[in-house]
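Participant: Mind looking over this structure? Questions follow.
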Amino acid sequence: MRFIELNSQHPVELLLRVLGIASSTYYEWKKRAAQPSDRHVEDERLLAEIVDIHASSGGTYGSPRVHAILRRRGIRVGGKRVERLMRASQLQGAFLRKKWRLGSTRQDPRARPAPDLVERDFTAEEPNRLWVADATRIPCGQGALWLAAVRDAFSNRIVGPKISDRCDTELALGAMEYAVWSREIRDGRLIHHSDRGSTYTAIRFANRFADNGIAQSMGSVGDSFDNALMENFFSTLKTELVYRRSWRTRDEAENALFAYIDGWYNSQRIQKKLGWRSPDEFEAGYHQQVPVGTR
């Protein structure tokens, strides 16, 4: 049959006589070949779901997260099939296109850093037991913008974002104050971990920790592994948002950053470590299981 299709310059009936194939057999084969297979129809339906999930993520989800969302929608399909369909349709998740540059940490030589109470163990059994904090530079048309953030190690939720045009103690303190205001913390149960930058070693910072019963912890200078949980968030933020967008003004950048953190990262972006749930979903699940009086 394929031979006939490949030699269409010759009359079909002539080829059928030469090959000894009945006309009815050939035309029935051609009719079946023109109809999409059940597998093709299923792939088209599945691809529509994949495109919807990929678009809803702002084009950031790769095949593992798309596969996880499909399962949440009740669609049982293999991960390899999802990967194949995405590759054929040229759909891919956000990935780091620029060389990742770690921010420089400026240490005050006169300051006495707090001890390292974490030692690279960024795990917590419940919320508000370990927070990690850092700041990063965000480019925009009006010049540099700085984002300071506090992240809860239990759920990976960003609990204290703060933005300023200066990277100073006010910025870092504002992020911490926001986190304290928005969360239920108990004296003596929370560790706040950062690097040894001058913004975190200021005496005002230590005083606020003492006022709130928070233990201060610091890693070494310029070692990203000592604050890997925050470096991970900043890498994700820049891969999925900063390197894919540009802003003329600081206001535009600030609005986009808060929309990403509160409207996407905390509430919707699923993470493998959290059982393919978002930070908000993960914390909600914890609060449903643990009675208030036992926390």
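Participant: Going by the alpha-carbon gyration tensor, a ≥ b ≥ c the square roots of its eigenvalues, is the stretch 130-289 rounded (a/c under 1.5) or, if a/c is not under 1.5, prolate (a/b greater than b/c) versus oblate? Before the final figure, lay out each step's value.
Facilitator: On the way: a/c = 1.66, a/b = 1.08, b/c = 1.54.
Judged from the Cα gyration tensor, the stretch 130-289 comes out oblate (a/c at least 1.5, b/c at or above a/b).
Participant: Hey, another quick one. Find the Cα radius of gyration of the stretch 42-95, compare it with 2.2 N^0.38 Å by division, and give the number to two decimals.
Facilitator: On the way: Rg = 9.6 Å, N = 54, 2.2 N^0.38 = 10.0 Å.
Output field value: 0.96.
Participant: Could you pull out every residue, at least 5 positions away or on a different chain, whose amide H is within less than 5 Å of the one on residue 62? Hs are placed 1.01 Å off N in the peptide plane, and Pro or chain starts have none.
Facilitator: Those lying under 5 Å, H to H, from residue 62 are 93, 94.
Participant: Could you work out the local net charge near residue 170, counting Lys and Arg as +1, Asp and Glu as -1, over the other residues with Cβ closer than 14 Å to its Cβ? Walk me through the numbers on the way to the answer.
Facilitator: Working: positive: 162, 166, 204, 208; negative: 165, 168, 177.
After counting each charged neighbour, the total is +1.
Participant: Just for the Cα atoms in the stretch 118-189, what are the lengths along the principal axes, largest first, rounded to whole Å?
Facilitator: 42, 24, 18
Participant: Treat the count of other C-beta atoms within 10 Å as a stand-in for reagent exposure and order 46, 171 from fewest to most.
Facilitator: Least to most surrounded, the residues fall as 46, 171.
Participant: Ok, one more. Give a quick list of trypsin sites (Lys or Arg not before Pro) in the stretch 47-89 that DSSP marks as loop, anything other than H, G, I, E or B, with at most 14 other Cβ atoms within 10 Å. Walk me through the numbers on the way to the answer.
Facilitator: Working: sites: 65, 71, 72, 73, 76, 80, 81, 84, 87; in loops: 73, 76.
Listed in order of number, the matching sites are 73, 76.
Participant: Would you mind counting up the charge near residue 142? Only other residues with Cβ under 12 Å from its Cβ, with Lys and Arg at +1 and Asp and Glu at -1.
Facilitator: Values: positive: 248, 250; negative: 165, 251, 252, 254.
Net of charged neighbours comes to -2.
Participant: Which whole-Hz couplings ³J(HN,Hα) result when phi for each residue of the stretch 264-272 is put into the Karplus expression 6.51 cos²θ - 1.76 cosθ + 1.60, θ = phi - 60°, listed in order with x for Gly and Pro?
Facilitator: Calculated HN-Hα couplings, in order: 10, 4, 6, 9, 10, 5, 7, 10, 4 Hz.
Participant: Right, another one. Considering only the stretch 130-289, what is the antiparallel percent among its DSSP beta bridges, to the nearest 5?
Facilitator: Roughly 60 percent of the DSSP beta bridges within the stretch 130-289 come out antiparallel.
Since every read-out is calculated from the coordinates, none of them should be taken as a lab result. The structure presented is a predicted model; accordingly, all values stated were derived computationally and were not measured. Cβ coordinates were reconstructed from backbone atoms using ideal geometry, including for glycine residues, and neighbour counts include every protein chain displayed.
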